[in-house]
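Below: one structure, written as structure tokens.
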């Protein structure tokens, strides 16, 4: 059974106090999810004041379910009955200005798991006031991300856990605070550890769809368990993001982005994972959100953040005891989520931690070098996009390609750009395939940050400075 609780707050730190009933003590228990079995409760209500019947016409199945769940478990009247149209008072007049400033926290046991994973919901939002006009107006967010860098289920404050770090087997990566991060794992095994947390469904189209739809009347809706889909077409595996699901049509189908080279057919196959390694779109969503607000600090200077005083113990994270001390008394890795609140994406305890430094995060993207150029590998969103070939500071992000500009990929490298945290991008054009890493590690100093990107490690690489996290 899922154990779920909700923390809702402004990113700027203001706690919202619901005004659902005169006697607020009557609504505390229902609000916390004690009434009914609820899989997801979040503080992101996209349609305030709209009735359930009207919600059915909106078409966003997941959002409709979220709205219904939130209303059912959190909004009783004085007689204990649950209403349909009582969201507006909770949101008040501030709704339109704070939609991107809400987060929801989910503390849940995945199927068959005995260790809870804490995930943060990144609501859907539209970018604005970005450093480049071409990055304004992007629809981002709409997913769950691990609050902490991944760890093993039996990890502790002194142990990485009992599973061989680069051989997860059936062990699921989890998200928990104050433990040793799961490090020294390659890209493929990091993906496996994420997927081990939940369901993984495979199937094939039952009839021909389009380049952005997949029809399966046999397996849907049971097979729609996540937002990331791998479609095999013509021998190539394509990584795509599910954007909607239509269960009421004569042909049950999902839509996805970006488009495939050809329409889906019965000769194709697909896999949908409930949990997956963070994708470029998901990482970029958080990075863009931070760019619009405040970019987080982190462990990028041997236990501390570059520029913060080493004499102030409050700016350090808790040392991972598996690491040694350096001659200056500092260390490298810290335990997950143990730094000051400035290390969180929203500067609050309720945010996503360690996006800047500590250990690099693998993300679900490969690039290919040929000795002269380096491009996004076939099958991944933005395939064929040419990346700058010399390592340097991120000066500009791609802002014209419809797909790539939602991935926070550099367009030009050169002079440092404070709008992107003065973050750095490492590339290697030598003939090889490389898996992407983001965020930086404990030793990258000002080069680390939410926009920091490394495209110079083979997918098989394993280092104590590389970890990962899951999304859903």
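The values are calculated or read from the model by the stated rules, or taken from the named source; none is laboratory data. Predicted, not measured: the structure shown is a model, and the values here were computed from it. Virtual Cβ from ideal backbone geometry, glycine too; neighbours counted across all protein chains shown.
Quick notes
- Failed item, numbered, when residue 343 is tested on (1) modelled with pLDDT of 95 or more; (2) within 19 Å of residue 281 (Cβ to Cβ); (3) surrounded by 21 or more Cβ atoms within 10 Å (Cβ to Cβ): (2)
- Screening residue 134 against (1) part of a loop (DSSP other than H, G, I, E, B); (2) touching a helix residue (DSSP H, G or I) at 6+ places or on another chain (Cβ under 8 Å) leaves a single unmet condition, (1).
- You will find that of 141, 198, the residue that is buried (at least 16 other Cβ atoms within 10 Å of the Cβ), on the phi > 0 side of the Ramachandran plot and modelled with pLDDT under 95 is 141 and no other.
- Residue ID - farthest from residue 125 (Cα to Cα), chosen from residues in the stretch 139-154 that are in a strand (DSSP E or B) and in contact (Cβ under 8 Å) with a residue 40 or more places away in the chain: 151
- When residues of the stretch 309-320 are limited to those that are more than 28 Å from the chain's Cα centre (by Cα) and in a loop (DSSP other than H, G, I, E, B), the one surrounded by the fewest Cβ atoms within 10 Å (Cβ to Cβ): 311
- Residue match in the stretch 362-379 (condition: part of a loop (DSSP other than H, G, I, E, B), within 21 Å of residue 467 (Cα to Cα) and within 21 Å of the chain's Cα centre (by Cα)): no
- Only listed residue being in contact with a helix residue (DSSP H, G or I) (Cβ under 6 Å, 6 or more places away or on another chain) and surrounded by 14 or more Cβ atoms within 10 Å (Cβ to Cβ), chosen from 260, 277: 277
- Test: residue in the stretch 416-423 that is in contact (Cβ under 8 Å) with a residue 40 or more places away in the chain, assigned to a loop (DSSP other than H, G, I, E, B), farther than 24 Å from residue 368 by Cβ and more than 21 Å from the chain's Cα centre (by Cα): yes
- Check on residue 304, under 30 Å from residue 408 (Cβ atoms), in contact with a helix residue (DSSP H, G or I) (Cβ under 8 Å, 6 or more places away or on another chain) and at pLDDT 95 or above: no
- Positions within the stretch 448-472 being touching a helix residue (DSSP H, G or I) at 6+ places or on another chain (Cβ under 7 Å) and part of a loop (DSSP other than H, G, I, E, B), in sequence order: 459, 468
- Annotation note: of 337, 303, the sole residue that is more than 23 Å from the chain's Cα centre (by Cα) and surrounded by 22 or more Cβ atoms within 10 Å (Cβ to Cβ) is 303.
- Checking each residue in the stretch 372-415 for being under 17 Å from residue 451 (Cα atoms), surrounded by fewer than 20 Cβ atoms within 10 Å (Cβ to Cβ) and either touching a helix residue (DSSP H, G or I) at 6+ places or on another chain (Cβ under 7 Å) or without any contact (Cβ under 8 Å) to a residue 12 or more places away in the chain (or both) picks out only 399.
- Options 189, 167; residue that is part of a helix (DSSP H, G or I) and at pLDDT 95 or above: 189
- Selected residue [surrounded by fewer than 24 Cβ atoms within 10 Å (Cβ to Cβ), more than 24 Å from residue 141 (Cβ to Cβ) and in contact with a helix residue (DSSP H, G or I) (Cβ under 8 Å, 6 or more places away or on another chain)] from 422, 432: 422
- Counting only residues that are at pLDDT below 95 and either closer than 14 Å to residue 449 by Cβ or touching a strand residue (DSSP E or B) at 6+ places or on another chain (Cβ under 6 Å) (or both), the stretch 349-359 holds 3 of them.
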